Structure formats: structure tokens, C-alpha cells
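Down below is the structure, laid out as C-alpha cells.
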Amino acid sequence: MSIKVYVPRDSSALSLGAHDVAAAISAEAQARQQDIQLIRNGSRGMFWLEPMVEVETAQGRVAYGPVTPDDVASLFEADFLHGGKHPLSLGLTAEIAWLKKQERLTFARVGITDPVSLDDYIAHDGYRGLHNALKLSAAEIVKQVTDSGLRGRGGAAFPTGIKWNTVLNAPAEQKYIVCNADEGDSGTYSDRMIMEGDPYVLIEGMTIAGLAVGATQGYIYLRSEYPDALHILNEAIDHAYHAGYLGENILGSGHRFDLEVRRAAGAYVCGEETSLLESLEGKRGLVRFKPPLPAIEGLFGKPTVVNNVISLATVPIILDKGGEFYRDFGMGRSRGTLPIQLAGNLKQCGLVEKAFGITLRELLEDFGGGSASGKPIRAVQVGGPLGAYLPESQFDTPMDYEKFSEIWAVLGHGGVVAFDTSVDMAKMARYAFEFCAIESCGKCTPCRIGSTRGMEVMDKVMSGQNKDENIALVRDLSDTMLNGSLCALGGMTPFPVLSAINHFPEDFGLDKAQVAK
Amino acid sequence: MKKPINQYTDYGTPASSSTEQVTLEIDGTSISVPAGSSIMHAAVAAGVSVPKLCATDSLEPFGSCRLCLVEIEGRRGYPASCTTPVAEGLKVKTQTPKLADIRRGVMELYISDHPLDCLTCATNGDCELQDMAGAVGLREVRYGYDGENHLQSEKDTSNPYFQFDPSKCIVCSRCVRACEEVQGTFALTIQGRGFESKVASGVTDFMDSECVSCGACVQACPTATLIEKSVVQHGVPDYSITTTCAYCGVGCSFDAQMKGEQVVRMIPSKHGGANHGHSCVKGRFAWGYATHKDRITTPMIRKSIHDAWQQVSWDEAIAYAASEISRINQQYGKASIGGITSSRCTNEEVYVTQKLIRAVLGTNNVDTCARVCHSPTGYGLKQTLGESAGTQTFDSVMHSDVIFVIGANPTDGHPVFGSQMKRRLREGAKLIVADPRQIDLVQSPHIRSDYHLKLRPGTNVALISAISHVIVTEGLVKEDFVRERCEWDSFEMWRDFAAKPENSPEALSEELGVPAEDLRAAARLYATGGNAAIYYGLGVTEHSQGSTMVMGIANIAMATGNVGREGVGVNPLRGQNNVQGSCDMGSMPHEFTGYRHVSDDATRALFEAAWGRPLSADPGLRIPNMLDAAIEGKFKALYCIGEDIAQSDPNTQHVTHALESMECVIVQDLFLNETAKFAHVFFPGASFLEKSGTFTNAERRISPVRRVMTPKNGMEDWEITAKLSTALGYPMQYGHASDILDEIAALTPTFRGVSFKKLDELGSVQWPCDDEHPTGTPIMHIDEFVRGKGKFFITQYVPTTEKVNGRYPLLLTTGRILSQYNVGAQTRRTDNVAWHKEDVLEIHPHDAEDRGIQEGDWVGISSRAGETVMRALITERVQPGVVYTTFHHPESGANVITTENSDWATNCPEFKVTAVQVNKVSQISDWQRNFKRFTEQQVNFVEQASKPANVS
């Protein structure tokens, strides 16, 4: 019997040479006439160990990493095919502390299965949620999702069940499920990892969403910079069609659901749901005003569920194990788990799926292992480029939508980016305006002109011109953008700006005591 | 009727059509508005004006400027009032300290990227940005002016009528949205994003773009970014007078915005019943001809057309004309005299002219140019439905589910209605186009016809037979409607006729050149697709079977129950501004006003009593009869007002021969038109800006024409006719055009309730307007047809005698284009020539290749009637075997080629079908050479008259 060897095909592993490692292993096995079955799995989410090679042994899967092609011969020499010791040995994968401490519900299969193998998906509890859903009425499916307490993981944290209920109750001949896979926040990658590591869970989640609201067509609006995800999703969708999990008669149920991947147009703002819909319709990615909500008038004017990848990929386990099961995780009104993405100046960056309630400090220290540079961590930006910067004094805040809101911060899509003491927070505040200026769709005035003016005023602040007046102007501008912008891009740019000023006034040449007033 | 230039309230967002009322409170005032209204709309209705820049009530809300934010009790944040719908019990505050801060913050950003040249800006005092800066109390711009900006952006002055100055642009997208939502051309877009967002048209500039110069973007612009060059030149106008466009049959209302006697600009009137604030390049911009140097403003006379003109006083000119008419009357008899009015005349001018001919001269020899365009409509609709007019109001199209366009090109010929139709099509209505040519409606941005029945010219009646066949043989007749509303016997006859195998799509497919399955599918769609409306133009009427086709159209509308309510109907798109009106006014040789036959004793008695003269019971001569009679030496004097038969009528050489045969041709016009070159008396006319009266558009809408400046020629046209009448011994005592309209109303049942006073009150009114319908009749035949029961007519297809053969293997069909109007006398004397400086011949690549013709080559076009030369435009818009041209330029000689074949019932010429041969040539035709020589001579005769020495 051939030995199963796993080399990830996740693009983070690929960027670290996983293809070369896989090729070297194949060649070496052939040369040594070793019978192996090379499986290209997703990533376990420990990027400092990528490419991480796993071998299936009688004791379980054994990991080695980070592996380079040069290590391959020595791995064979060390009989890694049978779990032999090697300087790169990491022991049994399941025993690696990083993984062991997590609660992987949404990411249950990522890194374990062959992402494009439907058999593998089914063998690992895949499509159990859909089978259950097919036995339920649309309203009962929505109830399960409502009961689970799942909130939109794209950042807005709107209760998924309520959104679905709105679409369910909107009468229309055609409804749509749109998956927002335009993952553009800096430091975030959980959507990509799901799509590359377990595409079927997203397909299944969207199919269930279709049944729940009466939609027969789904679109995945995929970030244009995710070519690997595109291929993997399309291959998985093909397989799902052939096996009757998609199409006009899902598993003989009489229900129809079609699914298509659309490549995004390459604009950050198209991750905003209404400009995403515009883009999907073939127009410029311009933000729409709300109301009408997309749930009432969405894609092509029809009722549409627009959900983030993680929200949809969490639906199968809710339908498999029930809303109550999922609800038991988490704290307060933040139920279930959040796939947190560690990035920036940390020793160990990667994906941590934990129930809500874990503190930032636990994430940075227990998982992240402290800063990569060895200097103290001074600031953390949570929730992408429009999230607030948190100072050390706020590191004990639990990951919880409401707790973050209380300190004028956001969880967003769960991205955590760490900065050490070398960071200049004035530059970061300027960068926030610059990011907004580059990504603004240009529709509303506060964002279109304000972002550019913000950069310019920050330049004046940084060069010491009329500091007090210009800081006051930045604050007034932030107020205009916060209250006046059409969408969250302009509306949230003040979060990083004002948090930087308020928590790190010394970087702006301001007196800390004065700012505190 | 002088009004301020900003006379209309802008509600910010369109009105809601909901019948449900919602009550809310705005700044403490309770207001009830239709559900679906925006908070902004409700606020304005409550007398509260919310600051705004990107919102205007001709466009859907957009929500980009963020000035109109409000606070709503119990809701978070600051929702935009333009995009937030009202809800029962809302408590809205439009003015709070926080809102003031946000608005000032937004305005500070705007002004940080705007030139500070208000005092020298063309819209100083008429600028929404300026107003808003004041309204929000902006006092300083703390960003300074050294940041990134657009102040150095280059101006685009490529369009002759307006300029685009991006340095003043606030990127509100109103222009882009107006182009999309109002005009439907999609020529503009926003290029780039963020701070780099800018309005873009085409690759280089406006003239290089798809822009059709309708002016909607200019009108929508809240700043001086897009502005009329005339405002740049003259400054912001002082006051406004509402009048009616003198171009096509849409009949748009315009506000002539004035400075003293200077027209500064024409703005489509927001309350215009036909246009609702929209316009096209002609009405909006092409009015400069009124002051063109070619305009003749002094009367002229001469003995012979080979003599130079003599400038004379009005009294002399009128006395001379009267003496000549009297002489000819005595010498040859009254039958030798006649009059021709134009559809460009007002109702009042047409009325007094026909009165002069009938009452003073005692003949019915009066005809109008509808003879050569829509006379079959008058005949066909009268026969079938009982009234010589379209059945609908334009707005009806917004309720249509299927739109069937036959032989019309609304986006060029009736552009403002074309835009409305396109709006309905974008909303999802289905479209069938029957046209030999691929008109823009077949495929244009966000529009595609469901069926384009690309029939061969001259086969219309075969088309209607095939469609009728499908309707009667596939059980698509609305029998209950037909039984209740129509003459059953006539229906049965028609049904049996249509059901004949020779009328099946399969039998006629080859003749038509249209696949049978398309004919069947189109017929099914028309009959079963919901509210189905037919819109047709001269492609229906200008045929040897024009009247047959009109009746055929009425047949299928009745058979499918598509008459008598909104969204359906039979709609002739009238070519000129007053085709409907000139026909209504009794300018046809057989009918008094209101389509009453001259042989009807009661009607004649009525007019005899009113006019105090005996009237003839015999129909007079039609235009072609007058011309034939002239050549035979029996017709000697013609009074021709505003019409240019030497250019617009078929077989030009026949027309000019006839004119040369007359002894006294009196032409009343603005310019020395082609007919005037054969005239003996020239009465200079007044332009539409210089006179009062009414025009009646294609939907029977009577709209006021108001004098905004003193007539350059000294008097209004009706006054000239009245003076001539008086000189002929029949004094016409009218003080004002309104007196004439009162006389018309008194003598015409369908006009009974019409008066200038009513038009002042209502803006416009659609006839019939009488005691029963005091505010007019938008939709006709609702409960019963005007003739009682609708009548079906058998419409046997008879192929035209104008057939292709070896000598003339191609079919020429004619039409018009957007920028030019009819004979071009007006539009050729404006900057509209920038789009169309000459007429060209459209020819299919296959036919061009067969003849070795390349794009831009001179080609000779010869027919049985004559020969002319123009440049070739090779295009697949025309089908192989068909060539196409326009007749806007006299030197093109398009009508030198057309023949005298005409409609069997009305003599409407068969302009749309002429067998021709086309060949590559190296020089202009003999006719064109003669034309050039003759024109030079005649222009010279006018110039000699202008010399003071000759006047004395």
C-alpha cells in the first residue's frame, strides 16, 4: 500500500516553494522506488512552518517543516515516510500546540483533506449539513442559522439568520446567493485558506443558503489576486455538479442551485457589498446607497444574500451539528468561533480559529510568540486597514464584537497585525488616509476629497506646521468622513487615524496629557 | 408671461406615483406625501429646503454629495434625505448643530478643489455650489489651496454649443446620470476613481464621443462645468418666457431665457407636457438661424424671376401681390389661384391662409405640406377609427409592454420622445422594429430590439398582411373587444381576407425579405405581449399604398384590442412641429377645420355665416394637381407660406418647371428658399421667437408659441396674410393671434374649449377639448371610437410600379438625421452643420464593391426622374440592394431622383421607394451644375436688391 504524503497547495505554502518540495519528493520517491501517494492538501495555517510536509503513519499524521527541496533527500534518509526522526520533525501534527489549542469548526478539514476530492470531503463529514437541510423547510434552515447566533464574518457582524430571513420573505421569481470572496483587508487570508483548502464547505454552505431563502443561483465574487483559489473552486464546482450536489436537481431533491465563480475587478472597494453587486452586474464598482438593502433589491435588483466566505463556510457545521452546538462557543452576543489571522511583526503568523472571548494578549503571546523582531509590541491593528490601532493597555480586551466596540475598535474580518516599538504612528495615520485615497470609489465627497486632504494635512502635521490647528483639522475631517461617508471605506478611515492620535499622541508631537483631556 | 429663470421648485428626487399617503414630521411640521417619496422630496413639499448638490428631481437619487444628511429620531447616524424613503411617523430634523458641522465639513472639501473665481464665472448668481456654500455658512477653507487639485484641467470647447470645464467639476455625476436616465445615450462616464474621478466623454472630447448634444448634461450641471457658450458670451439671463419648439412633431416646451431682446438660451421646460424638461440638439441649441445673416427682413417684388429683386415697403409689396392676384383672377379665373401652407406655420397662420383662399378667392385650392408626409394618416385613421389623429399621449408609452416601431426612427426624427421610449425599453418593454434599415433602436446602449423585420422598401402592406394572417389564424384576436367596439361585418370580411393562404408569412416571406418565423413571432408578441403600441412614421405613409398601410395598422390594433387605454394605440410620429395642427386647421382642399368635408352643407353654412362669403362645395386642388395644372397653363398664382416645395417635394425638375410656368408666386419665408428663387413677391416672415400662436404636436397637444422678441421683418406672419386679405377687399380684423384661435374654437367642435387663457393656465391642452373634456383628451377612443364602431378595411397588397430592373437595380429610400431638420433651411444656418455638412448616400459594402465604390467617393444616383451626385458612405446599416440618403441640403438634389408615384388615396409621394442605379463618377450632375448657376444668379438678385441705390 502506498504511503500518503501531504504537501500543501495553499498559496502561502506555494509562495514558500511547496511545488518544488512536492516535485522533489516525487522524484526522490521514484528514484528510491518508494510507493507514495502525494496529496496536495490545504494549509494547517502555521506559516512559519510552511512548506509543512505531513506523512500518514499508523500513529497518525507526522509533520516536518519548514521543508526545502534540499531537505528532501535527508528526509528520505531519515525514513520520514514512517515518521522517522529528522531535524525538521514536528511530531504528530495533531499534537502541535498551535493546533491543539484551537477550536476548529469552520476550518475543521482545512489542511487535512485533499481540497478538490469530493470523496475526501464526504469522508470527513462533508455534506452532512446539506443532507440535514434537505429534510428541513426553508424557514427551519433559517431558524437553525438564527439560533446559532452566527454573525457576518466579513466585518459588519450582522446576524446571518436575520439577513436570510429577510431574503426568504422577499417575494421574487429570482433570488441570488452572492459570496463576497473579495478578501482585500491587509493581513487577512482566512477566506483564501478556506477556498484553497476546503472549497466544498463553501459550496455546501452556499447551497444550503440557496435552499434557505429560495435562491437558485449563486456567485462567488473572487478576489482577482487569488488565481489558485479560482482553479481549486472551479474544479470543486465541476465535481459537485457531476456528483449531483449542484445543478437543477440537488441530490434528487427537486431543488436547483447553480454556482459560478466570477473574478473580481481588482478594487478594494468592491469588497463593500453594494459596489460588489455593481461590479458583478458588469458596472463600475460604485457604492450604492442603502436602503434598499441588498436583501430586498440586490443583484440585478433581486433579493440577494451577500455573505462573506467564512459566514457561508460555517453554515454546514451548523446544519450538521445544530444551531445550539455552534452557539455554545463564544461569549456575550459573539457566538461561535472566529478564524483569526495573525500577521505583521510576530514570530508565528497564521490562522487561529478560536471561540470568541480569547484576548488579544493571548493571541499575540501564546500563539504569535511575541514580536519577530524581539522588541516589545507597541500597537496592534485589528480588523484590517480600517480598524483601530490598539495600544498595549488594551491587549486584554477579549475578542468580542461588543467589547471591541466599547473601546472604539472593531474585530472586522479577524485580521490582527502587530507592530513593534519601531512603528511611527503618525505615518500609520497618514497611511490610513492614503489607503482610503487609493481605494476610494470616488462617489461620495467626504471620501473622495477628504482622503487626499487627510494625507496632505498629515504631511503638515508631520513636518510640524501649525500642529494644533492641523490636528484639529484632522479631527474635524475625521468627523466629516465618519458621519458623512456613504460606505465604511470613508466612514472607517477615521478609526486608524483617531486611534493613532489618541493612543500614541507622542508620535504626533503632542502632549499625552493634553490629548487625554 | 415673464418669469424668473429659476421658476421651478426642485424637489431633489422624482415624485412617487404611489397612491398610499405617509405622514411624517419634518422640523416640527407635519406633512403627508405619497409612500416611496424621499425625505428630501417631503421636506421640499413641506417648505423646508435641505442643502443638496447631487440631487435634482429629474434624476433618480444618487446619494453622493452628502450635504442633505438629516437626523431621524430613533435612528443611528445621519442618513441622506435624498436616498432615505419616508415612513409613517418619522420625526426628521434637517437643521442641528451636528448637521451644520458635517455640511460645512463637506463644503470645505468641495471648495478646497474649486477655483475661487466666482465674480468672473459665467454662472455667477446662477450656481448651486455658490448657493450651497452660502447656505451652509462656509467661512474658510483650512486646507489651503496648495494641495492636489484639478484647477489646471483643460477646457473642452469642441462642442459648438457648450463647453466642459473640468476645473469647476464637483463630480456629482448629474451629467452622467442625465445622459443615462434622461437621454439614454450613455455617452458620459466617470473615469478613474477616488480623487482622480472625472467626467469623461469618448476618447478625446465631446465631439469625438457618442454625445448627441441634447443638452441634458448641461442642464443638470449645478456649476459652470458644463455650460452653454451663449451664457458664457451673454451672461446669466434675466427672465424667462415659455414657448414651443418650432422643430419636430414632439412639440417640446421651452423656456426662452432672455436678456432684453437677446435669447441667451433655450431651456426645455420642466412642466412641458410633451417633453418634461428634456430636449434635443435642435430645439435646445439650433435657434441661431433667427438672427442669421441670410435672413431677409424687407419685402421684395419683381416682374420676372429673371429680374433682380426690388426692396419695397410692406404696403407696396402687399398692394403689388393683391393686384397680381386680382389680375390673374380676372384673366384666368379663381381656379388658377391657390395657397400652400406649411406644417412649420402656427395654427393661426394656417387658419387665416385657408380662410383667405376659401373666403376671399372663393376656391378650395389650399393644401399643406402634410400632403407629402402624413396625409395617409389623416385618411386612414379617419376611415377606421373616425379621427385623423394619433390615439395616445406620449406618456402612454410608459405603460406599454410591447412597442412596435414601423417606418420611423424616433431617436433621430423625434429624439425627445425617442428618449422616453428608450427609458421604457430599458425598463423591460419588448421592441419590434420594422424598417429596411438598421436604425439606432435596433441596437444601442441597453436597448436591443427583440425582432428587427428588415423588410424591403415598398412591401409594408405585405408585412401587415402577414401579421394579420398570424393574428386571425392563430386565435390571437380579442374577440370580445371586436364584438363590442367594432363593426362585426367589416371584421369578418377582413378576417377572411387575412386568413387567405396568400397572406401567410410563408407566402410573403420572400417578397418581404423577412423570415416567416420572425413574422410569426413578432405578430404573436404584438398580439399577446400585454399592452402593445404601434409607433409609425413616414416609412408607412410615403408609399403608393401609404393609406392602405395606415388602415392595416389600425386593423391589427383593433383586432388585438390595443386601442382605447394607456400603453396601447396607433401613434403617427408627425414629422414637423405642426403637421397635426395644419391638418386640423382646414388646410386640406377638401376639408374645413376639424376634418369636415367642404361638400357638407351644414358645415359650409356655418363657415359662410361666420365669414360672410359664399364658399365652394367642390374640393380644390392638391399640391401635385396645382403643379400639373401649372404646367398645363391652368394654374397661375400661388401663395406659399413657410413651405419649400422646390426642395421637399418629389421630382424637383417637375416642381421647378411648374413654378416657372406661374405668373405670380408669392413666397413668405425667413430665407430665400428654393421656392423663393422662382418667386415674384417675397414676404419676409417672422421666426417662431417673434410671434404668437399655437402648434399642435403628434399627440394632439396644443401648445402656445409666445413672442419673445420683436419681429425683425416688422410683423407676425398672420398679420401679413390679414393685410393681403384686406388688400384683396376682405378685411381681416384680428388684434392678436388669440383672436384667431377664438374664431377657430367657435367654429370647430374639437377645439371648442381652447383659448390662450386656457393655455396660460394649463400650459398645453390635447384636443378634443370641449365642454365634456375641458382639460383635453390625452387618450382617445376610450369607451367608443369617434366614428362609433371601429371599421376594418381589406388591405390587399399591391406591389408598387416603382420596381428594380436591370437599368435601375437598387432601391433608394430617404429619411433624416438627428442634427438636421427637414429642408434644413433652419438647421443649415446653425452650428448643427458640424454634425452633417452634406447629404451622403448610404450603400451596403456588397453593392459598393460591385461598383468599385469606396468610402467618400462621388457617386451618381440616377432614376427615371433624374440624376444627382453625392458622396458615398459604406455601411451595413442598409441591406444589400437598398441605398439611403437624406434631403437636408438642396444642392444634394435628393428629390431630383424621387418620382411622382404617390399614394392612391391622398397623393402622398412615394418618397421611400425609388429604383435607382449608382455609379462612381468624377463630377457633379448636370442638374447640380444648373442648380449652382441658378442659385448664384438668384442670390445675386437679392444682393442687388439690398443695395440702397436699387431701393429708390
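The values are calculated or read from the model by the stated rules, or taken from the named source; none is laboratory data. What you are looking at is a predicted structure, and each value in this text was computed from that prediction instead of being measured. All Cβ positions, even for glycine, are placed from backbone atoms using ideal geometry, and neighbour counts span all protein chains on display.
Taking the conditions exactly as written (within 20 Å of A:TYR200 (Cβ to Cβ), surrounded by fewer than 17 Cβ atoms within 10 Å (Cβ to Cβ) and of a type outside the set (A, V, I, L, M)), does A:ARG128 satisfy them or not? Walk me through it before giving the result.
Numbers: within 20 Å of A:TYR200 (Cβ to Cβ): yes; surrounded by fewer than 17 Cβ atoms within 10 Å (Cβ to Cβ): yes; of a type outside the set (A, V, I, L, M): yes.
When the stated conditions are applied, A:ARG128 passes them.
Kindly evaluate A:ILE203 against the criterion of being in the same structural domain as A:VAL167 (by TED's automatic domain parsing), buried (at least 24 other Cβ atoms within 10 Å of the Cβ), closer than 18 Å to A:ASN308 by Cα and over 13 Å from the mean Cα position of the chain (by Cα). Walk me through it before giving the result.
Details: in the same structural domain as A:VAL167 (by TED's automatic domain parsing): yes; buried (at least 24 other Cβ atoms within 10 Å of the Cβ): yes; closer than 18 Å to A:ASN308 by Cα: yes; over 13 Å from the mean Cα position of the chain (by Cα): yes.
For A:ILE203, the condition - in the same structural domain as A:VAL167 (by TED's automatic domain parsing), buried (at least 24 other Cβ atoms within 10 Å of the Cβ), closer than 18 Å to A:ASN308 by Cα and over 13 Å from the mean Cα position of the chain (by Cα) - is met.
For the stretch B:119-132, state whether one or more residues are within 12 Å of chain A (Cβ to nearest Cβ), on the phi < 0 side of the Ramachandran plot and under 39 Å from the mean Cα position of the chain (by Cα). Spell out how you get there, then give the answer.
Step one: list which residues in the stretch B:119-132 are within 12 Å of chain A (Cβ to nearest Cβ), which gives B:129, B:132.
If we keep only those that are on the phi < 0 side of the Ramachandran plot as well, we get B:129, B:132.
Remaining after also requiring under 39 Å from the mean Cα position of the chain (by Cα): B:129, B:132.
Among the residues of the stretch B:119-132, at least one is within 12 Å of chain A (Cβ to nearest Cβ), on the phi < 0 side of the Ramachandran plot and under 39 Å from the mean Cα position of the chain (by Cα), which makes the answer yes.
With respect to A:PHE435, determine if the residue is under 21 Å from the mean Cα position of the chain (by Cα), within 14 Å of chain B (Cβ to nearest Cβ) and not in a loop (DSSP other than H, G, I, E, B). Reasoning before the result, please.
Numbers: under 21 Å from the mean Cα position of the chain (by Cα): yes; within 14 Å of chain B (Cβ to nearest Cβ): yes; not in a loop (DSSP other than H, G, I, E, B): yes.
So A:PHE435 passes the test.
Among the residues of the stretch A:268-282, are any assigned to a helix (DSSP H, G or I), among the β-branched types (Val, Ile, Thr) and within 14 Å of chain B (Cβ to nearest Cβ)? Quick ask: steps written out before the conclusion?
Initially, the stretch A:268-282 is screened for residues assigned to a helix (DSSP H, G or I), giving A:268-271, A:273-280.
Checking the rest, the ones that are also among the β-branched types (Val, Ile, Thr) come to A:269, A:274.
When the remaining residues are screened for being within 14 Å of chain B (Cβ to nearest Cβ), the result is A:269, A:274.
Within the stretch A:268-282, one or more residues are assigned to a helix (DSSP H, G or I), among the β-branched types (Val, Ile, Thr) and within 14 Å of chain B (Cβ to nearest Cβ).
Output the qualifying pairs, or none if there are none: Cβ atoms under 8 angstrom, residues six or more apart or on different chains, first residue in the stretch B:23-48 and within 16 Å of B:VAL70 (Cα to Cα) and polar (S, T, N, Q), second residue at pLDDT 95 or above and part of a helix (DSSP H, G or I).
B:SER37/B:ALA45
Applying the selection to the stretch A:239-271, what residues are at pLDDT 95 or above, surrounded by 14 or more Cβ atoms within 10 Å (Cβ to Cβ) and out of contact with any strand residue (DSSP E or B) (no Cβ under 8 Å at 6 or more places or on another chain)?
Across the stretch A:239-271, the qualifying residues are A:HIS239, A:ALA243, A:TYR245, A:LEU251, A:SER253, A:HIS255.
For B:LYS636, only one of the following conditions fails: (1) closer than 15 Å to B:SER342 by Cβ; (2) of a type in the set (Lys, Arg); (3) in contact with an Asp or Glu (Cβ under 6 Å, 6 or more places away or on another chain). What is its number?
B:LYS636 satisfies every listed condition except (1).
B:GLY63 fails exactly one of the following numbered conditions: (1) of a type outside the set (Lys, Arg); (2) within 14 Å of chain A (Cβ to nearest Cβ); (3) within 23 Å of B:ALA220 (Cβ to Cβ); (4) touching a residue at least 24 places away in the same chain (Cβ under 8 Å). What is the number of that condition?
(4)
Here is a list: B:VAL171, B:VAL212, B:VAL203. Which entry is part of a loop (DSSP other than H, G, I, E, B) and within 12 Å of another protein chain (Cβ to nearest Cβ)?
Going through B:VAL171, B:VAL212, B:VAL203 in turn, just one is part of a loop (DSSP other than H, G, I, E, B) and within 12 Å of another protein chain (Cβ to nearest Cβ): B:VAL171.
Mind listing whichever residues of the stretch B:283-306 are touching a Phe, Trp or Tyr at 6+ places or on another chain (Cβ under 7 Å) and of a type outside the set (Lys, Arg)?
If we filter the stretch B:283-306 for residues that are touching a Phe, Trp or Tyr at 6+ places or on another chain (Cβ under 7 Å), which is where we start, we get B:283, B:285, B:294-296, B:299-302, B:305.
The answer is B:GLY283, B:PHE285, B:ASP294, B:ILE296, B:PRO299, B:MET300, B:ILE301, B:ILE305.
Can you find even one residue in the stretch B:83-99 that is among the hydrophobic types (A, V, I, L, M, F, W, C) and within 8 Å of another protein chain (Cβ to nearest Cβ)?
Start the filter on the stretch B:83-99 by keeping residues that are among the hydrophobic types (A, V, I, L, M, F, W, C), which leaves B:86-87, B:90, B:92, B:99.
In the following step, the residues that additionally are within 8 Å of another protein chain (Cβ to nearest Cβ) were identified as none.
No: zero hits.
Just for the stretch B:43-54: of the residues that are of a type outside the set (Val, Ile, Thr) and away from chain A (no Cβ under 11 Å), which one is nearest to B:ILE170 (Cα to Cα)?
Initial filter on the stretch B:43-54 (of a type outside the set (Val, Ile, Thr)): B:43, B:45-47, B:49, B:51-54.
This time we only want the ones that are away from chain A (no Cβ under 11 Å), so: B:43, B:45-47, B:49, B:51-52.
Details: B:ALA43: 24, B:ALA45: 27, B:ALA46: 28, B:GLY47: 27, B:SER49: 21, B:PRO51: 15, B:LYS52: 12 Å.
Among those residues, the one meeting the criterion is B:LYS52.
Name the residue that is nearest to the other protein chains (Cβ to nearest Cβ), counting only residues in the stretch A:475-502 that are over 20 Å from A:GLY383 (Cα atoms), buried (at least 24 other Cβ atoms within 10 Å of the Cβ) and of a type outside the set (S, T, N, Q).
Checking each candidate, the answer is A:GLY484.
If we scan the stretch B:307-316, do we find a residue that is surrounded by 24 or more Cβ atoms within 10 Å (Cβ to Cβ), within 27 Å of B:ASN159 (Cβ to Cβ) and touching a strand residue (DSSP E or B) at 6+ places or on another chain (Cβ under 7 Å)? Outline the logic, then answer.
Initial filter on the stretch B:307-316 (surrounded by 24 or more Cβ atoms within 10 Å (Cβ to Cβ)): B:309.
Filter once more, keeping what is within 27 Å of B:ASN159 (Cβ to Cβ): none.
Within the stretch B:307-316, none of the residues are surrounded by 24 or more Cβ atoms within 10 Å (Cβ to Cβ), within 27 Å of B:ASN159 (Cβ to Cβ) and touching a strand residue (DSSP E or B) at 6+ places or on another chain (Cβ under 7 Å).
Among residues belonging to the stretch B:898-938 that are charged (D, E, K, R) and within 29 Å of the chain's Cα centre (by Cα), point out the one that is modelled with the lowest pLDDT.
Among residues in the stretch B:898-938 that are charged (D, E, K, R) and within 29 Å of the chain's Cα centre (by Cα), the one modelled with the lowest pLDDT is B:GLU900.
One line per residue, one yes/no per condition, for (1) assigned to a loop (DSSP other than H, G, I, E, B); (2) in contact with a Leu (Cβ under 7 Å, 6 or more places away or on another chain); (3) closer than 30 Å to B:ASP600 by Cβ:
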{"residue": "B:ASP618", "(1), (2), (3)": "yes, no, yes"}
{"residue": "B:LEU621", "(1), (2), (3)": "yes, no, yes"}
{"residue": "B:LYS634", "(1), (2), (3)": "yes, no, yes"}
{"residue": "B:HIS657", "(1), (2), (3)": "no, no, no"}
{"residue": "B:VAL667", "(1), (2), (3)": "no, no, no"}
{"residue": "B:PHE671", "(1), (2), (3)": "yes, no, no"}
{"residue": "B:LYS677", "(1), (2), (3)": "no, no, no"}
{"residue": "B:PHE682", "(1), (2), (3)": "no, no, no"}
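Identify, please: which residue in the stretch A:183-200 is in a loop (DSSP other than H, G, I, E, B) and not charged (D, E, K, R) and is, among those, surrounded by the fewest Cβ atoms within 10 Å (Cβ to Cβ)?
Just the residues of the stretch A:183-200 that are in a loop (DSSP other than H, G, I, E, B), to begin with: A:183-189, A:198.
After this cut, where a residue has to be not charged (D, E, K, R) as well, the list is A:184, A:186-189.
On the way: A:GLY184: 20, A:SER186: 15, A:GLY187: 22, A:THR188: 23, A:TYR189: 25.
That would be A:SER186.
Within the group A:ILE3, A:ILE39, which residue is under 26 Å from A:LEU230 (Cβ atoms) and either in contact with a Lys or Arg (Cβ under 6 Å, 6 or more places away or on another chain) or hydrophobic (A, V, I, L, M, F, W, C) (or both)? Lay out the reasoning, then the answer.
On the way: A:ILE3 fails: under 26 Å from A:LEU230 (Cβ atoms).
Result of the check over A:ILE3, A:ILE39: A:ILE39.
What's the number of the condition B:SER112 fails, among (1) under 19 Å from B:ALA133 (Cβ atoms); (2) away from every other protein chain (no Cβ under 14 Å); (3) touching a Gly at 6+ places or on another chain (Cβ under 8 Å); (4) among the polar types (S, T, N, Q)?
All conditions pass for B:SER112, except number (2).
Take A:TYR245 and tell me if it is away from chain B (no Cβ under 14 Å), farther than 30 Å from B:ARG177 by Cα and not in a loop (DSSP other than H, G, I, E, B).
Working: away from chain B (no Cβ under 14 Å): yes; farther than 30 Å from B:ARG177 by Cα: yes; not in a loop (DSSP other than H, G, I, E, B): no.
No, not satisfied.
Just one of B:ALA224, B:ALA290 is more than 21 Å from B:SER58 (Cβ to Cβ) and either within 22 Å of the chain's Cα centre (by Cα) or at pLDDT 95 or above (or both); which is it?
On the way: B:ALA224 fails: more than 21 Å from B:SER58 (Cβ to Cβ).
The unique qualifying residue is B:ALA290.
Of the conditions (1) within 25 Å of B:VAL913 (Cα to Cα); (2) crowded, with 24+ Cβ neighbours inside 10 Å; (3) of a type in the set (S, T, N, Q), B:GLN392 satisfies every one except a single condition; which number is it?
Here B:GLN392 meets the rest and fails (1).
Taking the stretch A:1-20 as the search range and keeping residues that are more than 20 Å from A:LEU92 (Cβ to Cβ) and hydrophobic (A, V, I, L, M, F, W, C), which one is farthest from the chain's Cα centre (by Cα)?
Filtering the stretch A:1-20 for residues more than 20 Å from A:LEU92 (Cβ to Cβ) gives A:1-2, A:9-12, A:14-20.
Add one more test, that the residue is hydrophobic (A, V, I, L, M, F, W, C), and what stays is A:1, A:14, A:16, A:18.
Details: A:MET1: 38, A:LEU14: 18, A:LEU16: 20, A:ALA18: 22 Å.
The extreme case among them is A:MET1.
Here are B:GLU891, B:GLU855, B:GLU876, B:GLU849: which of them is free of Cβ contacts under 8 Å to residues at least 60 places away in the same chain and assigned to a loop (DSSP other than H, G, I, E, B)? Give the derivation first.
On the way: B:GLU891 fails: assigned to a loop (DSSP other than H, G, I, E, B); B:GLU876 fails: free of Cβ contacts under 8 Å to residues at least 60 places away in the same chain; B:GLU849 fails: assigned to a loop (DSSP other than H, G, I, E, B).
So the residue among B:GLU891, B:GLU855, B:GLU876, B:GLU849 that is free of Cβ contacts under 8 Å to residues at least 60 places away in the same chain and assigned to a loop (DSSP other than H, G, I, E, B) is B:GLU855.
Return the total of residues in the stretch B:139-165 being within 14 Å of chain A (Cβ to nearest Cβ) and out of contact with any Cys (no Cβ under 9 Å at 6 or more places or on another chain).
Just the residues of the stretch B:139-165 that are within 14 Å of chain A (Cβ to nearest Cβ), to begin with: B:139-151.
Restricting the remaining residues to those that are out of contact with any Cys (no Cβ under 9 Å at 6 or more places or on another chain) gives B:139-149, B:151.
The total comes to 12.
Could you identify the single residue in A:GLY454, A:GLY412, A:GLY387 that is surrounded by 21 or more Cβ atoms within 10 Å (Cβ to Cβ), of a type in the set (Gly, Ala, Ser) and within 14 Å of another protein chain (Cβ to nearest Cβ)?
On the way: A:GLY412 fails: within 14 Å of another protein chain (Cβ to nearest Cβ); A:GLY387 fails: within 14 Å of another protein chain (Cβ to nearest Cβ).
The conditions single out A:GLY454.
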